[in-house]
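To start, the structure under review is shown below, and the notes come after it.
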Amino acid sequence: MAKIVLGITGSIAAYKACDIIREFKKKNNEVICIMTSAAKEFITPLTLATLSENPVYDDIFYFSKNYNSKIKHIDLSQDCDLILVVPATANIIGKIASGIADDLLTATVMASKKPVLFAPAMNKNMWENNIVKENVVKLKKFGYKFVGPKKGLLACGDYGDGHIEDTEKIVNEAISLLKKKSLKNKTVLILSGPTAEKIDDIRYITNASSGKTGFFLANEAKARGANVIFITGKTDLIPDADICQKIESANDMFEMAKKYFKKSDIIISAAAVGDFTVEKIDGKIPREKNLNLKLKPTKDILGFLGVNKKNKKIIGFSAEIGNNLKRAKEKIKRKNLDFIVVNDVTKKDCGFGSDHNDIIILNKKGKVVFSGGGTKEFLAEKILDCIE
Ligand SMILES: Cc1cc2nc3c(=O)[nH]c(=O)nc-3n(C[C@H](O)[C@H](O)[C@H](O)COP(=O)(O)O)c2cc1C
């Protein structure tokens, strides 16, 4: 659990702070809000206090009314793991870049040696202003981090750069700063999602994989500093990866995996690769009569990677009917894996498509190194902990 000081400044995007607090709380982090005077024109301290379940601070001279307390800006600057400013105005960026500490938020940032992340939001002319640009460059030079802004429709009606970054990206970036960069200089290849085999020009054989496990694994690996290559079948979940490739069939997945395999140190195959492909019929098959499909086995991607792995680490998944560890152990040997993640697909409300799963992780000797359930996000952490 991390302690995050969240600075909120006077932008129309101040309401975004509410979502950010909820996301951090969901992930069991503590959030303490500091508001500037301008921020209070846009959103109330009551809202932030309710969501964060903590008092909201806004007064640099808090101490003069609370002599028994610690000096607020010093206390907050030290007793936290990260300071996140969402949204960050041109004003706050300018003040911090100039060493000004004339309110609780600027004084806290200035007094802190913790990581500081800004999520700017402003009119596009403000963002493109050379003074703002120079301030951002200066802050980056001193180690301050930025996420966004992105292009979008701005509150003033203009379209362009200056729109606050998506909540998910801001939270991911913050979490990434909180984590130790234990996978720095490692390339992690993640295979994710379902594959789909064309029956005719418009129909497919596929499966119910949502790609959520692969998505969370990719974000977690990225947060730990890895260079992440993500290959996925049909899913809308696009993680924070350095390379993202969408594929369709098991053969596409095989070819793409081969392409990126050499440069990878760790390969995690969380994809639900179809075991069979079908002899595709051109056009659209009429539905008038019965139809026999001729299935043939797809290539064994994990088997191929396992044979060629040398000193790479390979992690496979095994969807089992029941608690079948015997088959999983046999798979570890046959495919030359370092770990296998086993889940029972017959369990209700977990596994395929769900946000939750129950898993058992076996190492290459077939020993259980983790067993438990939780959100797929939580389990992604556990899987990477085992690999590390
Ligand atoms: C309706 C409205 C919206 C504003 N939105 C922004 C904004 O998105 N970004 C920004 O940099 N300033 C914006 N401003 C200007 C800031 O509120 C102003 O510069 C203020 O002094 C910032 O103070 P602070 O940085 O201490 O919060 C806006 C002002 C108004 C009236």
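Coordinate-derived values only; no laboratory data. Bear in mind that the values here come from a model prediction, so they are computed numbers and not experimental data. Note that we place each Cβ from the backbone using ideal geometry, even for glycine, and neighbour counts take in every protein chain shown.
Any idea how far apart N308 and K27 come out in nm if each label point goes 7 Å out from Cα toward Cβ?
3.5 nm
Which residues does the label zone of S182 cover in region 201-236, counting backbone N under 14 Å from a point 7 Å along Cα→Cβ?
220-226
With the cut-off at 1.5 for a/c, could you classify region 227-267 from its C-alpha gyration tensor as rounded, prolate or oblate? Working shown, then result.
On the way: a/c = 2.67, a/b = 1.09, b/c = 2.45.
Because a/c hits 1.5 or more and a/b fails to exceed b/c, region 227-267 counts as oblate.
Relative contact order (percent) for region 3-178, with alpha-carbon contacts under 8 angstrom and 6 or more residues of separation? Each step should come with its number before you reach the end.
Working: 350 pairs, mean separation 39.0, N = 176.
Here the relative contact order equals 22 percent.
Which angle between 0 and 90 degrees, to the nearest 10, do you get for helix 325-334 versus the longest principal axis of the chain when only C-alpha atoms count?
Rounded to the nearest ten degrees, it is 80.
Could the peptides 151-164, 286-299, 189-202, 71-84 be put in order, highest first, of the mean number of other beta-carbon atoms found within 10 Å of their residues? Don't skip to the end; give the middle numbers.
Values: 151-164: 16.4, 286-299: 9.6, 189-202: 22.3, 71-84: 19.4.
Per-residue mean Cβ counts within 10 Å order the peptides as 189-202, 71-84, 151-164, 286-299.
Just in region 200-284: which GluC sites (Glu not before Pro) are loop by DSSP and have at most 13 other Cβ atoms within 10 Å? Can you show the working numbers first?
Working: sites: E220, E248, E255, E279; in loops: E248, E279.
Those satisfying the criteria are E279.
Measure nothing but the geometry: give the 0 to 90° angle between the long axis through the Cα atoms of 376-387 and the longest principal axis through the Cα atoms of the chain, rounded to 10°.
Tilt relative to the chain: about 80 degrees.
Once you order the gyration tensor axes a ≥ b ≥ c over the Cα atoms, which shape class does region 1-113 get: rounded for a/c under 1.5, otherwise prolate or oblate by comparing a/b with b/c? Each step should come with its number before you reach the end.
Details: a/c = 1.37, a/b = 1.11, b/c = 1.24.
Rounded.
Tell me the mean residue ellipticity at 222 nm calculated for the chain from its helices only (DSSP H runs of n ≥ 4, each -39500 (n - 2.57), averaged over every residue, nearest 500).
On the way: 14 runs with 128 residues, N = 388.
One gets -9500 deg cm²/dmol as the mean residue ellipticity at 222 nm.
Rounded to the nearest 5, what % of DSSP beta bridges with both residues in the chain are antiparallel?
On the way: 20 of 62 bridges.
Around 30 percent of the beta bridges assigned by DSSP in the chain are antiparallel ones.
My understanding is that a pair violates if its Cα-Cα distance is over 19 Å; which of K212/K348; K262/K364; K3/K114; K310/K364 do that in this structure?
K262/K364
Round to the nearest 10 and give me the degree value, 0 to 90, for the angle of helix 130-141's Cα axis relative to the longest principal axis of the chain.
Tilt of helix 130-141: around 70 degrees.
Compute the length gained on full extension between N129 and R334: take 0.36 nm times their separation in residues and subtract their Cα-Cα distance, giving the result in nm to one decimal.
Numbers: separation 205, 0.36 × 205 = 73.80 nm, distance 6.02 nm.
Here the segment from N129 to R334 would lengthen by 67.8 nm.
Given a Förster distance of 41 Å, report the FRET efficiency between D300 and D81 from their Cβ-Cβ distance, rounded to the nearest 0.05.
Values: r = 44 Å, r/R0 = 1.07.
Efficiency for this residue pair is about 0.40.
Viscosity 1.002 mPa s, temperature 20 °C: give me the Stokes-Einstein translational D for the chain in µm²/s, with Rh taken as the Kirkwood radius over C-alpha pairs.
Working: Rh = 23.4 Å.
Answer from the Stokes-Einstein relation: 92 µm²/s.
Relative to the Cα centre, what is the charge dipole magnitude of region 3-178, using +1 at the beta carbon of each Lys and Arg, -1 at the beta carbon of each Asp and Glu, and rounding to the nearest 20 debye? Display every interim value, and only then the final one.
Details: 22 positive and 20 negative charges, 74 e Å.
Computed about the Cα centre, the dipole is about 360 debye.
Rounded to the nearest 0.05, what FRET efficiency do N292 and K262 give with R0 = 35 Å and r taken as the Cβ-Cβ distance? Could you check?
Values: r = 40 Å, r/R0 = 1.15.
Efficiency at R0 = 35 Å is approximately 0.30.
Indicate, rounded to the nearest 5 percent, the antiparallel portion of the DSSP beta bridges found entirely in region 187-387.
Numbers: 16 of 41 bridges.
Of all bridge pairs located within region 187-387, approximately 40 percent are antiparallel.
Does region 125-209 come out rounded, prolate or oblate, given a ≥ b ≥ c as the square roots of the eigenvalues of its C-alpha gyration tensor, rounded meaning a/c under 1.5 and, failing that, prolate meaning a/b above b/c? Could you put the intermediate results ahead of the total?
On the way: a/c = 3.56, a/b = 1.61, b/c = 2.21.
Because a/c hits 1.5 or more and a/b fails to exceed b/c, region 125-209 counts as oblate.
Over region 187-387, what is the relative contact order in whole percent, taking alpha-carbon pairs under 8 Å and six or more residues apart? Working shown, then result.
On the way: 438 pairs, mean separation 40.5, N = 201.
The normalised contact order for region 187-387 reaches 20 percent.
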